[in-house]
Amino acid sequence: MIKYNPTLIGVAICTLASSAFAQQTTLTIGTVNNGDMVRMEALASAYEDANLNIQLDFVVLEENVLRQRLTTDIAAGSGQFDIMTIGSYEAPIWGGNGWLVEMGNLPASYDVDDLFPSIREALSHEGTLYALPFYGESSMTYYRTDLFDQAGLTMPEQPTWHQVRDFAEALHDPGNNQYGICLRGLAGWGQNMAIISTIVNAHGGQWFDMDWEPQLTSQPWRDAIEFYVDLVRSYGPPGASSNGFNENLALFNSGNCAMWVDATVAGAFVTDTSESRVHDRVSFAAAPSQVTEKGSGWLWAWSLAIPSSSNNAEEAKKFIAWATSKEYSDLVAQEHGIAAIPPGTRISTYENAEYLAAAPFAEMTLKQMEKADPSDSTLDPSPYTGVQFVAIPRFQAFATVVGQQLSGALAGSTTVDQALNNSQQLVRREMVRGGYID
Amino acid sequence: MKLHSQKVAKELTATVLCWAIALLIFFPIFWMVLTSLKTEIQAISMPPQLFFKPTLENYIGIFERSNYTRFAWNSVVIALGSSIIGLLLAVPAAYAMAFYPSKRTKGTLLWMLSTKMMPPVGVLIPIYLLFRDTGLLDSRLGLIIIFALMNLPIMIWMIYTYFREIPTEILEAGRMDGVDTRQEIMTIILPISMGGIASSFLLAVILSWNEAFWSLNLTASKAAPLTAFIASYSNPEGLFWARLSAASTLAVAPIVIFGWLSMKQLVRGLTFGAVK
């Protein structure tokens, strides 16, 4: 007969239990409240079920608070986050600073070559990938087919800004709360400056010449800003200088905008039957060009990255590889329908006939994603990468102030000339401080 | 007769004015609750809809996605913990300054209040580094300490004001009867100024409950209170007004109920002195 020693059994249980606890890894993920991210949060339990040693802890924050938290966390090296949601502006800069873990050695099944080359490049620094894209976006023109039909107008697949102005003039009917065009006017480097930078690019302008000399008082900038201010003030909704992405989305979905130029990701919202009153009366065209198509549509990718301060980098990389994989897209399609797949990251998504049929905005999204090239976004050569931003650390600060100046011009509190002159001085001062120019 | 009608008119004006101000203050809360019962598309309708078929889908969605009780419990522990610690420090400090003033007391009081004038972001990095090194990041204890220190100047000022109104004759009478300092505070001063101390405590609880800057910057998941819970429902790309309103309603509901229950105490403490 076997005799059991209760002490030994107790020790064995404790050892087993402690080793089980020791192997349990909690990954803290800092993220934003975008629809695709929320979906990932809900589906992440599938990953936990398949990896019993992993517990996922999502910290959802407002976009700007998240950016501030992540910057503080990285700078202080406090390691509060294992995975961070960042954009294509931060990825190359933070990667270059050594703040992010390289995204190398991905499994063959991940098929990194399936990612859009433009997105891959946008998330890399000197050829090294520092983040994997969760969803990507360019910009395009949304327009109301019913209003165009009634007015006998035809939207070309690639409109110019001047054509857009003519359409806006014809469709502007403020008495019936119908405005010719809705564009971002809210100050911010990621708000009005995103659309304004693409308008400037389309007019042949650029933020800096090859010597890093600011170009904000050049003729293309003047043409672009005068055009933008005149267009929105004449044919936009009242109070446009306070409207960002969400306000314009609300206006468009309520049927108040004949046209709207903004992120391709909105395609899913404007065609959503539960969110949009115009879901069956909307169509899509390319982001307007003018003297050039270069840089007329922006490029952005919400991505997942690992801060170098994380103590669980290997486990974090495995999770990111799963959350941005084809396998994850299949899971989303299975649970929420194929149109809900995170858009704008993988070529294979747009080779799927089922997806193209379910998402009417997909074809134009693909064209715009393919066209956007962050390393060649201006008519004349530029020393920087980025379409609607300049991938240097100082951009965020000076572009926000330039955004305030131009929002002021839109609101009528200053003239376009004054706003541009002030902006030029300000950007120049910042570039001198940064050692780019003397 | 004329005098009587003048009095009635005055009272009527005061009543109407009070109601108007109360409704004005209450309107944002009313609108928030109303929006929380709408769908996203109803929430963005122009002109705004006053009559609609209410839905609880936003609340259901929130309870499905977020661990509300964890956030709420954090808020309760942090708000009460910081207010209790604040009170334990503020009462002796106010006692010393009120009953044993020196020539520097006024200056000290003003200096304490002046610390409230500095924007918190100015000390974010030093505090963050201190918290990192002491392991207080994302801990309830960390926020309790910060909030207690944050509310201390206001609590000391308020309690000091109540203590100053206690006639020294009462204390002298007590001393004649042979009470020591501890007994003087516990048996004479505290019972007399209980209303004021309670209102200081309630105010500290409300301020701690509503604080967002430190909560957002010093917590991640474990210690995040309801202010972080609200922030998680703002959305840079997508409609969120109805869902955010529901989250805000859930976040303010406990403190509104708490304020309502303690209203009598709060108003009495804020409007009357210690022995009036």
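Read-outs throughout are calculated quantities, based only on the coordinates presented, and are distinct from any laboratory measurement. All figures in this text were calculated on a predicted structure; none of them were measured in a lab. No Cβ is skipped: glycine too gets one built from the backbone with ideal geometry, and neighbour counts run over all protein chains shown.
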- Relative contact order of chain B, defined on C-alpha pairs under 8 angstrom at six or more residues apart (%): 31
- Query: Within straight cross-link reach of A:K318, meaning Cα distance under 21 Å, which lysines are found once same-chain residues fewer than 8 apart are removed?
  - Reply: A:K326
- Message: Inside 10 Å of the C-beta atoms of B:38-49, what's the mean count of C-beta atoms belonging to other chains?
- Response: 3
- Query: Going out from 0 in 5 Å bins, what whole percent of all Cα-Cα distances in the range B:65-271 drops into each bin?
  - Reply: 1, 7, 13, 15, 16, 15, 12, 9, 5, 4, 2, 1, 0, 0, 0
- Residue-wise HN-Hα coupling along the range A:277-293, computed from phi with Karplus coefficients 6.51, -1.76, 1.60 (Hz; x: Gly, Pro): 7, 10, 4, 9, 10, 10, 9, 9, 9, 5, 4, x, 9, 9, 7, 8, 8
- Message: Run the numbers for A:E363 and A:Q219: contour at 0.36 nm per residue of separation, minus the present Cα-Cα distance, in nm.
- Response: 48.4 nm
- Item | Amide H contacts under 5 Å for A:M259, placed H, 5+ residues apart | A:I181, A:C182
- What is the spin-label model distance, in nm, from A:T154 to A:D380 if the labels are put 7 Å beyond Cα along the C-beta direction? 3.7
- Query: Once you charge only the Cβ atoms, +1 for Lys and Arg and -1 for Asp and Glu, what is the size of the charge dipole of the range B:65-271 about its Cα centre, to the nearest 20 debye?
  - Reply: 340
- Task: Pull up the cross-link candidates among the aspartates and glutamates for B:K38, meaning alpha carbon to alpha carbon under 13 Å and not fewer than 8 places away within one chain.
- Result: A:E275, B:E57
- Under unit Cβ charges (Lys, Arg +1; Asp, Glu -1), what dipole magnitude, rounded to 20 debye, does chain A have relative to its Cα centre? 840
- Provide the convex hull volume over Cα atoms per residue for the range B:120-188, in Å³. 120
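Given Cβ point charges of +1 (Lys, Arg) and -1 (Asp, Glu) and nothing else, what value in debye, to the nearest 20, does the dipole of the range A:79-142 about its Cα centre take?
Details: 1 positive and 9 negative charges, 23 e Å.
The calculation lands at about 120 debye.
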- Query: If you add up the charges near A:P381, with Lys and Arg at +1 and Asp and Glu at -1, over every other residue whose beta carbon is less than 12 angstrom from its beta carbon, what do you get?
  - Reply: -3
- Note on the structure: Mean-square fluctuation maximum in Gaussian network of chain A, Cα pairs under 10 Å, restricted to A:E226, A:E363, A:E351, hits A:E351
- Put a dot 7 Å past each Cα toward the Cβ at B:F99 and B:W31; how far apart are the dots in nm? 5.0
- How much FRET efficiency would the formula 1/(1 + (r/R0)^6) give for A:A46 and A:A353, where r is the Cβ-Cβ distance and R0 is 25 Å, rounded to 0.05? 0.45
- Going residue by residue through the range B:254-259, the Karplus relation 6.51 cos²θ - 1.76 cosθ + 1.60 with θ = phi - 60° gives ³J(HN,Hα) values, rounded to whole Hz and with x marking Gly or Pro, of x, 6, 5, 5, 4, x
- Query: Can you give the Rg and Dmax of the range B:1-138 based on its C-alpha atoms, in angstrom?
  - Reply: 25.1, 75
- Note on the structure: Along the dipole axis of the protein assembly as shown (charges at Cβ: +1 for Lys and Arg, -1 for Asp and Glu; origin at the Cα centre), the most positive-end residue among A:N177, A:A353, B:L56 is B:L56
- the range B:84-103 residues near the modelled B:R175 label - backbone nitrogen below 20 Å, point 7 Å along Cα→Cβ: B:92-103
- For the protein assembly as shown, percent of DSSP beta bridges that are antiparallel (nearest 5) comes out at 65
- Place +1 on the Cβ of every Lys and Arg and -1 on the Cβ of every Asp and Glu in chain A, take the dipole about the Cα centre, and give the residue among A:I392, A:Q158, A:F81 whose Cα lies farthest towards its positive end. A:F81
- Message: Can you give me the distance in nm between label points at A:D57 and B:T115, each placed 7 Å from the Cα along the Cα-to-Cβ direction?
- Response: 3.0
- Item | Estimated [θ] at 222 nm from DSSP helical runs (n ≥ 4, -39500 (n - 2.57)) normalised by residues in chain A, nearest 500 | -13500 deg cm²/dmol
- Note on the structure: Listed by chain and number, the lysines with an alpha carbon less than 23 angstrom from that of A:K294, same-chain partners under 8 positions apart left out, are A:K367, A:K371
- Message: Let me confirm one metric for peptide A:53-66, namely the mean number of other chain beta-carbon atoms within 10 Å of its residues' beta-carbons.
- Response: 4
- Message: Per-residue Cβ counts within 10 Å, from other chains only, averaged over A:31-42: what number is that?
- Response: 4
- GNM of chain A, Cα pairs under 10 angstrom: of A:I54, A:I181, A:I119, the biggest fluctuation goes to A:I54
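Normalising by the residue count of the range A:52-128, find the relative contact order in percent from Cα pairs under 8 Å and 6+ residues apart.
Computed value for the range A:52-128: 30 percent relative contact order.
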- Can you give me the P(r) profile for the range A:195-330? Cα pairs, bins 5 angstrom wide beginning at 0, each as a whole percent. 2, 8, 13, 14, 14, 13, 11, 10, 9, 4, 1
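Give me the percent relative contact order of chain A, please, defined on Cα pairs under 8 angstrom at least 6 residues apart. Walk me through the numbers on the way to the answer.
On the way: 806 pairs, mean separation 104.3, N = 438.
24 percent.
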- Query: Which number comes out as Rg/Rh for the range A:86-212 once both Rg and the Kirkwood Rh are worked out on C-alpha atoms?
  - Reply: 1.10
- Query: Using a Gaussian network for chain A with springs between C-alpha atoms less than 10 Å apart, which of these wobbles most: A:G255, A:G87, A:G98?
  - Reply: A:G98
- Return the long-range amide H neighbours of A:T26 (sequence gap of 5 or more, or a different chain), with a cut-off of under 5 Å between placed amide H atoms. A:Q55
- Item | the protein assembly as shown: Cα Rg divided by the 2.2 N^0.38 Å rule of thumb | 1.12
- Could you run the Karplus curve 6.51 cos²θ - 1.76 cosθ + 1.60 with θ = phi - 60° over the range B:199-216 and give me ³J(HN,Hα) per residue in whole Hz, x for Gly and Pro? 5, 4, 5, 5, 4, 4, 4, 5, 4, 5, 4, 8, 5, 10, 4, 5, 4, 6
- Query: Across the Cα atoms of the range A:337-389, what radius of gyration and what greatest pairwise Cα-Cα distance (Dmax) are found, in Å?
  - Reply: 14.1, 43
- If you bin every alpha carbon distance in the range B:1-44 into 10 Å steps from zero, what whole percent lands in each bin? 25, 26, 20, 15, 10, 4
